[in-house]
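Since the structure comes first, as structure tokens, the remarks are kept for the end.
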Amino acid sequence: MKKIITSALSAALVCLCAVSCYTDKGNYDYSYNTDDIVFLERGHGAIEILESMEVNRENMLQAPFMFRVGENVEIPARYTILDKSLTESDLAFEWLLGDQVVSTESVLRIDPKPVGDYSGILHILDTKNNQIYSRTYNFRVDPKYTDGWAILSENGAENQISYLHLNLGDNGYEAEYEENVFAKANNGEKLSNVTDICAHMYDTYPQVFSLSVAQSNETGPIDIDIHSMGKLANYRDQFIGQVPDENFIKVQSLSTAVLLLSDKGNIYARTEEKEGFSDTKPHEGLFPTTPFGNEYNLNITHWINMSNMASGFSGINETVAYDENKHRCVVVHAVGSTNTNLGMKCYPFNEQFYMNSVEPNRNGPGFDGTNYYNDITFPDPYDLSGYKVLAMKGCGRTMDLFADASFLSVVMLLQKESTGKLYIYSFSFFVASTGRYDVDLDLFYPLPDNLQIDPETMLCRDFLGSSNHHIFLSNKDRTEIYYVKALSPGGIGKIYSSDSPITCFCPGEIGNFLPGWGMYDTIYYQLFLVAKENGDIDIVRIDDFAYYGGGVETVCTVKGGAGKITQACFLSNSSANF
């Protein structure tokens, strides 16, 4: 079968959904007189090729046809026969990809393609009425290790990173579980003494999605390409001078900076090199050998990892941390574009942060969103003396596009040193593009005495553009998960029970930050990974119905075997759903 139409004419057909006349020579050998081409509006011919070939109206972030690397491409022609006198036998098909005819069947079937976005042209020939109908078709090939969880497990001092991906078919969710993907992609290289993993995206084109792995060993923290699980860089090789004699236990990436937290409570910070206005040059910046904020004698024991948020919104250049030495919160802010910490600023919380009179009174009674607790006093985030900070999490970031600002909700689990009593403490941290900061005190209330909490299990689900924040905590033996409705009253409730101690609890997709813009959530929205000591992994759905006593649905279960799962991190191939 000869190529039906020239590339130049194909481009015109794509734009106008052309219908053309041709001379039939038999055996689908067609020749054209381009002077006879007639362009008709869609819906006015005998056949209509559906818009769903080129646009996914249900989720504008995704192509209408999605495949993973290594998977055969199979795309059925989507069309409607409007002329009832036509039959399927009257139709002929031609699929163009680039300038090549790749199929003449009603279903396009081709071998696996490399990662990327693809666009072609589908021609459908009405051989009875001498007309051709054309429309663009689009498909995407995603990397293998995206849209799923990276799972960290331990077996003694050694660690593995495995990968779990979900497919949603006619029979519900099906899981694909692959063990030890890092070692397979890196010639058997082993990980050990891993203390933290976090996913993030570099502000580049094309985008680079990474998984940072902090190791307390001689190798130190590394960065992994999520698409291949191949190693990108070793952070210990990126210091200006001699590497400090410290173990780096956590890594996070802001929009324009990378932070390393050491086991001595020091932060080492570098801003990323830029090429042009926005494109980051990953791993070309250098860390100074002097700790960030050295003039303040910081001892950082907790910070809010903003890597997910910075991946979803490119203007996030600050985070909040807790300084154990002076019992206060501090702001870590990346400014400028330089290889030294001259481009990083530290702002301890003090009087300049309090500018809003509508918040609960500082040093006034505690507040649960509705009622005041006159027997407890609202602590000051500038001075938390008398309290031990057990956990500190970010609980959502809300964008105010009109004010060119954003709000980070900070949630802390505090223990009063004199009584051992546990409290939920929350404040909103306001950041404007002008450099203005503000702190609004939100909540301070006691947890019930009979609720014995394991503070290491505290989880706040990152969520952009939403006020529906929840805090999750487990009991001491890790067999039950409770939720606390943050930033508004709602009390505390049990939401999940397990027959085996829970070793890891991790949300899937964080949710979309542009609701109403045709960008919707994927199948991972409202799903959580629950790993158990017996090796099982449950994928459960926790939606609004569950918070009102509707129960938690287990959508699938996976039998693990890679040791004790200690942490998981959701990986995405979309900055809007990271």
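Remarks
- In this rough spin-label picture, where each label sits 7 Å from Cα along the Cβ direction, the Asn130-Gln242 distance is 8.8 nm.
- Accessible surface of Cys569 - all protein chains present, 1.4 Å probe, nearest 10 Å²: 10 Å²
- Net dipole in debye of region 107-255 [+1 Lys, Arg Cβ; -1 Asp, Glu Cβ; about Cα centre; nearest 20]: 680 debye
- Close amide H pairs (under 5 Å, H built 1.01 Å from N) link Glu284 with Glu273, residues at least 5 positions away or on another chain.
- For Glu51 and Thr370, the difference between the fully extended length at 0.36 nm per residue and the C-alpha to C-alpha distance is 109.9 nm.
- In terms of accessible area, using a 1.4 Å probe and ignoring ligands and nucleic acids, Ser210, Ser228 rank largest first as Ser228, Ser210.
- DSSP-loop trypsin sites (Lys or Arg not before Pro) across region 155-256, with at most 16 other Cβ within 10 angstrom: Lys190
- Once the Cα-Cα distance is subtracted from the 0.36 nm per residue extended length, the Asn138 to Asp449 segment shows a gain of 106.2 nm.
- Global form of region 194-257, assessed from the alpha-carbon gyration tensor, a/c cut-off 1.5: prolate
- 13 Å beta-carbon shell around Phe239, net charge (K/R +1, D/E -1): -1
The values are calculated or read from the model by the stated rules, or taken from the named source; none is laboratory data. Predicted model, so just to flag it, every value in this text is computed and none were measured. So basically every Cβ, Gly included, is an ideal-geometry build from the backbone, and we count neighbours across all protein chains shown. Heads up: the accessible areas ignore ligands, DNA and RNA and are worked out on the full protein's heavy atoms, side chains in. Shrake-Rupley method; radii C 1.70, N 1.55, O 1.52, S 1.80 Å.
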